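Quick note: the coordinates plus some simple rules give every number you see, no bench work behind them. What you see is a predicted model, and the numbers here were worked out from it, not measured in a lab. When we count neighbours, we look across all protein chains shown, and the Cβ atoms used for this are built from the backbone with ideal geometry, even at glycine.
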Amino acid sequence: MNALTPTVIVSELDRYIIGQDQAKRAVAIAIRNRWRRQQIPGELRNEVAPKNIIMIGPTGVGKTEIARRLAGLVKAPFVKVEASKYTEVGYVGRDVESIIRELTEISINMVRAEHAAEVEAKAVEAAEERLLDLLIPAADWSDDDTDRTEQRRRTREKMRRKLRDGALEDRPVELKVEERLVPVQIFGAMGMEQMDVDLQNMFDKIMPGQSRDRKLTVAEARHVLMGQECEKLIDRQKVTEEAIERVENSGIVFLDELDKVAGRESGHGPDVSREGVQRDLLPIVEGCGVATKHGMVHTDHVLFIAAGAFHVSKPSDLIPEMQGRFPIRVELQALTRDDFVRILTEPDNALTKQYQAMLATENVKTKFTKTGIREIAEMAALVNERSENIGARRLHTVMEKLLEDVSFRAPDPSIGSVLVDAKYVQEKLKDIIADEDLSKYIL
Ligand SMILES: Nc1ncnc2c1ncn2[C@@H]1O[C@H](COP(=O)(O)OP(=O)(O)OP(=O)(O)O)[C@@H](O)[C@H]1O
Ligand SMILES: [Mg+2]
């Protein structure tokens, strides 16, 4: 975290997202501010509120992508939710807390995985010893003849070598395995999330795990034993404490489609519930305690990044309290032809690179020329202008159509290699582009 300065964050985001510098800067500062806050000694630390962000911009220009890449980068607990999902009648009120429960669950898994990695070496050792116990029939302990002891030791070492060489992977062993019947899932499926707080614990108590002897191969048994040994070595209490601490201080909630719930009460229609959702979200955004099955989680320092097109409604249509909790507004720009050219080629995960790699698996070599790329960008922009502007998503549909023929014919050796130049692009797409109606459906 120490190394993640705003400049570093932005340059990492640059690897995947073209342009949108303002938004990148804003999120980078917000992330760094979490770290800065935690360096502040004493009382003042608790006074620093997170500077929540609203990203405003048309569809398909990188809002979600920025948030997604950011989360991967900072290794903070991260959850993405759609604000509009919480409009359903009956869900209003209670359900917004499930955002924090989900975030906590993610954090728990994250911390547990880290702890598991720390004890892995030890668990591997312990699992190996137990596998050897299973493979070598129980010794006769009353017998303390030194020769026999020595012999047993040698057998064990021989077995160990075989085991490490992988020669015993398919051999069957018998092992006690805990099986737990968890009826809680049924409740989960019914959407009664509020019940999950105590119910899980309750069921765990009512229905103790059942042990059963099962025949497994060595490979399967190792997996089970590793799990059991890890479980023994990990301090659950510590995991929980650390996970909650992490949610409270570095959790990030990405609140998509906030514009869909913007709008004040107008007395009738869906607006009533829109304001309702905002009112429900408010305590969480402002900071409150949420009961989770791992304990109380305080949201005062959780960072919220909201996003929306705000075509119809404006951020000023949000209720005033909400506006105040999102002091940073950044606008993302509509993407130009030049952006498309860069998006097609520059990011680590650029579409041209993806298609090249995919076709390479079929021994088809694909080359995109500069003019070819320009032509693809041109056509994508054209279709965006003429039908609906769906931003960079248009590149996906255009590329798919462009290479459909090759994708289908591969690995036919007659393809050889494909040269995507301006002529190729025009030939493949001109009929569709020329026919406005057709392009609406196909591209
Ligand atoms: N600036 C960009 N640079 C690189 N790729 C981009 C950019 N903008 C969008 N994309 C690509 O386009 C697709 C859609 O982007 P994204 O999901 O971020 O859109 P969005 O802004 O969240 O739109 P919406 O408002 O519809 O949710 C993704 O595959 C993403 O990789
Ligand atoms: Mg999005």
Quiz item: Amide H to amide H, which residues 5 or more places from ASP300 or on other chains are under 5 Å from it, using H placed in the peptide plane?
Solution: CYS288
Quiz item: Which angle from 0 to 90°, rounded to the nearest 10, does the C-alpha axis of helix 218-233 make with the longest principal axis of the chain?
Solution: 90
Practice problem: Order the peptides 49-56, 171-178 from the highest to the lowest mean number of other Cβ atoms within 10 Å of their residues. | Solution: 49-56, 171-178
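For the chain, what proportion of DSSP beta bridges, expressed in % and rounded to the nearest 5, is antiparallel?
Approximately 35 percent, going by the DSSP bridge assignments.
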Quiz item: Rounded, prolate or oblate: which fits the chain when a ≥ b ≥ c are the square roots of the eigenvalues of the alpha-carbon gyration tensor, with rounded for a/c under 1.5 and prolate only if a/b beats b/c?
Solution: oblate
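If we sort 255-263, 27-35 on the protection proxy, mean other Cβ atoms within 10 Å, highest first, what's the order? Mind dumping the intermediate values first?
Values: 255-263: 23.3, 27-35: 20.1.
Descending mean neighbour count gives 255-263, 27-35.
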Quiz prompt | Cα principal axis extents for the stretch 13-130, largest first, Å | solution = 59, 40, 39
Quiz item: In debye, nearest 20: dipole of the stretch 376-443 around its Cα centre with unit charges on the Cβ of K, R (+) and D, E (-)?
Solution: 160
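Just flag the GluC sites (Glu not before Pro) in the stretch 22-82 sitting in loop per DSSP whose Cβ has no more than 11 other Cβ atoms within 10 Å.
Numbers: sites: GLU43, GLU47, GLU65, GLU82; in loops: GLU43.
Passing sites in the stretch 22-82 are GLU43.
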Quiz prompt | In sequence order, calculated HN-Hα J values of the stretch 6-12 (Karplus, 6.51, -1.76, 1.60; Hz; x Gly/Pro) | solution = x, 4, 5, 4, 4, 5, 5
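Just subtract the alpha-carbon distance of GLN333 and LYS232 from 0.36 nm times their residue separation and send over the number in nm, one decimal.
Details: separation 101, 0.36 × 101 = 36.36 nm, distance 5.20 nm.
Here the answer is 31.2 nm.
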Self-check item: Rounded to whole Hz, the Karplus (6.51, -1.76, 1.60) HN-Hα couplings of the stretch 389-406, x for glycine and proline
Solution: 7, 10, x, 5, 4, 4, 4, 5, 5, 5, 4, 4, 5, 4, 10, 4, 4, 5
Quiz item: Which of VAL341, MET322, HIS298 sits closest to the plus end of the dipole of the stretch 294-348, meaning its Cα is farthest towards the positive end, when Lys and Arg get +1 and Asp and Glu get -1 on the C-beta?
Solution: MET322
Exercise. Within the set of other residues whose C-beta is less than 12 Å from the C-beta of VAL297, count the net charge using Lys and Arg as +1 and Asp and Glu as -1.
Key: -4
Exercise. Using only Cα atoms, find the angle between the long axis of helix 146-165 and the longest principal axis of the chain, and express it within 0 to 90 degrees, rounded to the nearest 10.
Key: 20
Exercise. Compute the normalised compactness of the stretch 337-431: alpha-carbon radius of gyration over 2.2 N^0.38 Å, N being the residue count.
Key: 1.04
Practice problem: Please list, in chain and number order, the residues 5+ apart from THR292 or on another chain whose amide H is under 5 Å from its amide H, with Hs placed from the backbone. | Solution: VAL297
Quiz item: For labels at GLU427 and GLU174 in the simple 7 Å Cα→Cβ model, what's the distance in nm?
Solution: 7.0
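PRO77: net charge of surrounding residues, Cβ under 15 Å, Lys/Arg +1, Asp/Glu -1, itself excluded? Mind showing how you got there, number by number?
Values: positive: ARG34, ARG68, LYS75, LYS80, ARG101, ARG112, ARG246; negative: GLU102, GLU105, GLU114, GLU241, GLU242, GLU245, GLU248.
Neighbour charge sum, excluding PRO77 itself: 0.
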Exercise. Quickly work out the THR369-to-ARG25 label distance, labels modelled 7 Å from Cα along the C-beta direction, and quote it in nm with one decimal.
Key: 4.0
Quiz item: Can you list the lysines whose alpha carbon is less than 19 Å from that of LYS260, not counting same-chain residues fewer than 8 positions off?
Solution: LYS63, LYS80, LYS85, LYS314
Exercise. Would you calculate, for the chain, the mean residue ellipticity at 222 nm contributed by helices, counting each DSSP H stretch of 4 or more residues as -39,500 (n - 2.57) and dividing by all residues, to the nearest 500?
Key: -17500 deg cm²/dmol
Quiz item: What residues qualify as long-range amide H neighbours of GLU346, i.e. H under 5 Å apart, gap of 5 or more or another chain, H built at 1.01 Å from N?
Solution: none
Self-check item: Per-pair calculated FRET efficiency, R0 = 56 Å: THR146 and ALA291 via Cβ, rounded to 0.05
Solution: 0.35
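How high is the relative contact order of the chain? Use alpha-carbon pairs under 8 Å, at least six apart in sequence, and give a whole percent. It would help to have the intermediate numbers written out before the result.
On the way: 610 pairs, mean separation 104.7, N = 443.
Relative CO of the chain lands at 24 percent.
How large is the charge dipole for the chain, taken about the Cα centre, if only the Cβ atoms of Lys, Arg (+1) and Asp, Glu (-1) carry charge, to the nearest 20 debye? All intermediate terms of the calculation are to be shown ahead of the outcome.
Numbers: 66 positive and 76 negative charges, 203 e Å.
Dipole size: approximately 980 debye.
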Exercise. Under a cut-off of 19 Å between alpha-carbon atoms, report the aspartates and glutamates in cross-link reach of LYS370, not counting same-chain residues fewer than 8 places apart.
Key: ASP338, ASP339, GLU346, ASP348, GLU378, GLU400, ASP421, GLU427
Quiz item: Hey, what angle do you get for helix 236-250 against the long axis of the chain, alpha-carbon based, 0 to 90 degrees rounded to 10?
Solution: 20
